[in-house]
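**Q** Below is the structure I would like to discuss, written out as structure tokens.
The values are calculated or read from the model by the stated rules, or taken from the named source; none is laboratory data. Not measured: the values here are computed from a predicted model. Because the Cβ atoms are built from the backbone with ideal geometry, glycine has one as well, and the counts that use them run over all protein chains shown.
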Amino acid sequence: MLQKNEIYEAEITGMTTEGSGVCRIDGIAVFVPMTAVGDKLRVKIVKVLKSYAFGIIAELTEPAQGRCEPDCPVFRQCGGCVFRHVTYEEELRYKQDFVQDAFTRIGKLSPEFEPILGDPNGREGYRNKAQYPVAMQDGRLVCGFYARHSHRVIPFTGCLLQPEGFAEILEYLLPALQNAGVSAYDERTNTGLLRHIYLRRGYHSGETALCFVVRKSIRRKVQHLLSGLQSRFPELVSITENINPEKTNVILGKTTQVLAGKPTISDTMCGNEIEISPQSFYQVNTAQAERLYGIAKEYAQLTGGELLLDLYCGAGTIGLSMADRAGELIGAEVVPEAAENAKENALRNGITNAQFHCGDAGEIAQMLQKQGTAPDTVVLDPPRKGCDTPCIDAVAAMSPKRIVMISCNPSTAARDAAAFAERGYAVEKVRAVDLFPGTSHVECVVLMSEIFHRTQSSFRKS
């Protein structure tokens, strides 16, 4: 039986999807953060449960070949990146394994696994969005990122994942806000004003949005700062405040008000000009998302006359990237602002064969199915929790030839793919795409084809 605070010799033989190494000591799985597969080490046990335990590195006796020196000064405290202590090539191997393991173990599926598409630019500066929690520490207003498994803010403005310029805006802004009497929100007491500083930048356009996420309006306190802020940073074309008075971990509230400039920023995605509001879902790694959408478009196999249904469509970026090869595009999105953005994005790009509905994806799919809508191809891009059963049932009932699913959670993607398999779909191909280098997250694209259509196609060929 493992004993807490005892030290044991071990070797890391696996990696969890949260980024902790796994070793076995006396037949029990022990999870050890900041390790690499192949590490030989002495592990100090810090927590023992019935069937597994947690440990920390007491001594690294023989580092794995995939190890490297972390290049971020707050890596060991910050809860953002988990893989800066291994090479990017090693990280990609882990992520390929995460996706394959999810589909074979959770989904009990055996599709063709294409090789993971890594980011050619690696881990540096790829994010177009950052939401920095704010705190008061040592008498100063600070922002940064939460420590691992906590809501304690690690003050840091120089995150290597963020684009150039975000740090300069923050370093200018924080003392100015403090001098203006803007207090930091305290989630324990639900007091204070400023919850998060939210920055978003168009990868191609360079347009930048600043959104203050606040418990109540700070307009009067910051109005005198805005012209100087925009003069210092002319890329700031949109300054807004989002009011979230709730005692909640959810970052954004329901109300957003323009303080200066425009309510949105513009960018280009897959050749289409896109308008993005603070509430809009928009992939944080634009260049890699364009590659991801290219794979989805390839899997969709559109030839020009099909009806394409895009569920969980956000600002419409995926469906609009395929509209030139579809006869008609129908999109559905639950966030009203994002659904409105999708309609505007279609108009802006002269795309006349698209319509968008605002509502829950499952409810819209059920409505369309009852109306007799028969899409040839369905694209799904659900949130981390995956698709709900009514959505899966409605999509399968519409009998599309192909379903292309994009997912940021391989586990729920595997579960949903297995559900479609039970409803008559063959899970043909899966490809992992790394949109979030340095972190434990990985996207995947899944191609599913209706077995009846596959059989008919095979029969015609023979």
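**Q** Looking at this structure, is Arg148 assigned by TED's automatic domain parsing to the domain that holds Asn179 and within 20 Å of the chain's Cα centre (by Cα)? Steps first, answer last, please.
**A** Details: assigned by TED's automatic domain parsing to the domain that holds Asn179: yes; within 20 Å of the chain's Cα centre (by Cα): yes.
Against the criterion (assigned by TED's automatic domain parsing to the domain that holds Asn179 and within 20 Å of the chain's Cα centre (by Cα)), Arg148 qualifies.
**Q** Would you be able to tell me the number of residues in region 216-242 that are surrounded by 21 or more Cβ atoms within 10 Å (Cβ to Cβ) and of a type in the set (D, E, K, R)?
**A** 1
**Q** If you don't mind, there's one more thing I want to ask. Identify, by number, the condition in (1) at pLDDT below 95; (2) more than 22 Å from the chain's Cα centre (by Cα) that Gly359 doesn't meet.
**A** The failed condition is (2).
**Q** Now, a different point. Being in a helix (DSSP H, G or I) and over 27 Å from Gln301 (Cβ atoms) is the filter here; which residues of region 318-337 pass it?
**A** Pro336, Glu337
**Q** Could you tell me which residue of region 153-204 is farthest from Asn249 (Cα to Cα), considering only residues that are surrounded by 16 or more Cβ atoms within 10 Å (Cβ to Cβ) and hydroxyl-bearing (Ser, Thr, Tyr)?
**A** Tyr203
**Q** Answer yes or no: is there a residue in region 360-371 that is outside any helix (DSSP H, G or I) and crowded, with 24+ Cβ neighbours inside 10 Å.
**A** Filtering region 360-371 down to residues outside any helix (DSSP H, G or I) leaves 360, 371.
Then keep just the ones that are crowded, with 24+ Cβ neighbours inside 10 Å; that gives none.
No, region 360-371 contains no residue that is outside any helix (DSSP H, G or I) and crowded, with 24+ Cβ neighbours inside 10 Å.
**Q** If you check Ala374, Ala339, Ala326, Ala346, which single one turns out to be in contact with a strand residue (DSSP E or B) (Cβ under 9 Å, 6 or more places away or on another chain) and buried (at least 24 other Cβ atoms within 10 Å of the Cβ)?
**A** Numbers: Ala374 fails: buried (at least 24 other Cβ atoms within 10 Å of the Cβ); Ala339 fails: buried (at least 24 other Cβ atoms within 10 Å of the Cβ); Ala346 fails: buried (at least 24 other Cβ atoms within 10 Å of the Cβ).
Residue meeting the stated conditions: Ala326.
**Q** List the residue pairs whose Cβ atoms are under 6 Å apart, where the first residue sits in region 181-202 and is more than 15 Å from Phe145 (Cα to Cα), the second is of a type in the set (D, E, K, R), and the two are 6 or more positions apart or on different chains.
**A** Taking only residues 6 or more apart or on different chains, the pairs are Gly181/Lys221; Val182/Lys221; Asn190/Lys247; Gly192/Asp186; Leu193/Arg215; Arg200/Lys129; Gly202/Asp267.
**Q** Now for a different question. Which condition number does Pro437 fail, the rest of (1) closer than 19 Å to Ile318 by Cβ; (2) touching an Asp or Glu at 6+ places or on another chain (Cβ under 6 Å) being met?
**A** All conditions are met except number (1).
**Q** How many residues does region 86-123 hold that are part of a loop (DSSP other than H, G, I, E, B) and out of contact with any strand residue (DSSP E or B) (no Cβ under 6 Å at 6 or more places or on another chain)? Give the steps one after another, and end with the answer.
**A** Residues of region 86-123 part of a loop (DSSP other than H, G, I, E, B): 87, 107-111, 118-123.
Filter again for out of contact with any strand residue (DSSP E or B) (no Cβ under 6 Å at 6 or more places or on another chain), leaving 87, 107-108, 110, 118-123.
Number of matching residues: 10.
**Q** Please find, within region 416-427, the residue that is farthest from the chain's Cα centre (by Cα) out of those that are surrounded by 19 or more Cβ atoms within 10 Å (Cβ to Cβ) and not aliphatic (A, V, I, L, M).
**A** So, considering only residues that are surrounded by 19 or more Cβ atoms within 10 Å (Cβ to Cβ) and not aliphatic (A, V, I, L, M), the one farthest from the chain's Cα centre (by Cα) is Tyr425.
**Q** If Gln100 satisfies every condition in (1) among the polar types (S, T, N, Q); (2) more than 30 Å from Thr189 (Cα to Cα); (3) at pLDDT below 95 but one, which is the exception?
**A** (3)
**Q** Continuing with the same structure: Would you please name the residue that is nearest to Arg201 (Cα to Cα), looking only at residues in region 219-248 that are among the polar types (S, T, N, Q) and either touching a residue at least 24 places away in the same chain (Cβ under 8 Å) or assigned to a strand (DSSP E or B) (or both)?
**A** Narrowing region 219-248 to residues among the polar types (S, T, N, Q): 223, 227, 230-231, 238, 240, 242, 244, 248.
Narrowing the set further to residues that are either touching a residue at least 24 places away in the same chain (Cβ under 8 Å) or assigned to a strand (DSSP E or B) (or both) leaves 223, 227, 230, 238, 240, 242, 244.
Working: Gln223: 22, Ser227: 19, Gln230: 15, Ser238: 10, Thr240: 14, Asn242: 17, Asn244: 22 Å.
Looking at residues that are among the polar types (S, T, N, Q) and either touching a residue at least 24 places away in the same chain (Cβ under 8 Å) or assigned to a strand (DSSP E or B) (or both), I get Ser238.
**Q** While we're here: Kindly provide the set of residues from region 271-302 that are closer than 25 Å to Pro375 by Cβ, among the small types (Gly, Ala, Ser) and not in a loop (DSSP other than H, G, I, E, B), ordered by number.
**A** Ala289, Gly294, Ala296, Ala300
**Q** Tell me, which residue of region 141-150 that is touching a strand residue (DSSP E or B) at 6+ places or on another chain (Cβ under 8 Å) and either outside any strand (DSSP E or B) or within 20 Å of Leu199 (Cβ to Cβ) (or both) is modelled with the lowest pLDDT? Outline the logic, then answer.
**A** Filtering region 141-150 for residues touching a strand residue (DSSP E or B) at 6+ places or on another chain (Cβ under 8 Å) gives 141-148.
Among the residues that remain, those that are also either outside any strand (DSSP E or B) or within 20 Å of Leu199 (Cβ to Cβ) (or both) are: 141-146, 148.
Working: Leu141: 97, Val142: 97, Cys143: 97, Gly144: 95, Phe145: 94, Tyr146: 93, Arg148: 84.
Filtering first and then ranking leaves Arg148.
**Q** Now for a different question. Which ones in region 393-438 are of a type in the set (Val, Ile, Thr) and more than 14 Å from Ala102 (Cβ to Cβ)?
**A** Our first condition is that a residue be of a type in the set (Val, Ile, Thr); within region 393-438, this holds for 395, 403-404, 406, 412, 427, 430, 433.
Listed by number, the residues that qualify are Val395, Ile403, Val404, Ile406, Val433.
**Q** What about Leu368, is it assigned by TED's automatic domain parsing to the domain that holds Ala300 and more than 18 Å from Ile406 (Cα to Cα)?
**A** Working: assigned by TED's automatic domain parsing to the domain that holds Ala300: yes; more than 18 Å from Ile406 (Cα to Cα): yes.
So Leu368 fits the description; yes.
**Q** Go through region 5-44 and give me each residue that's assigned to a loop (DSSP other than H, G, I, E, B) and hydrophobic (A, V, I, L, M, F, W, C). So that I can check it myself, show each step before the final result.
**A** Here is the first cut: in region 5-44, the residues assigned to a loop (DSSP other than H, G, I, E, B) are 5-6, 12-13, 16-19, 26-27, 34-39.
Of everything in region 5-44, those that are assigned to a loop (DSSP other than H, G, I, E, B) and hydrophobic (A, V, I, L, M, F, W, C) turn out to be Ile12, Met34, Ala36, Val37.
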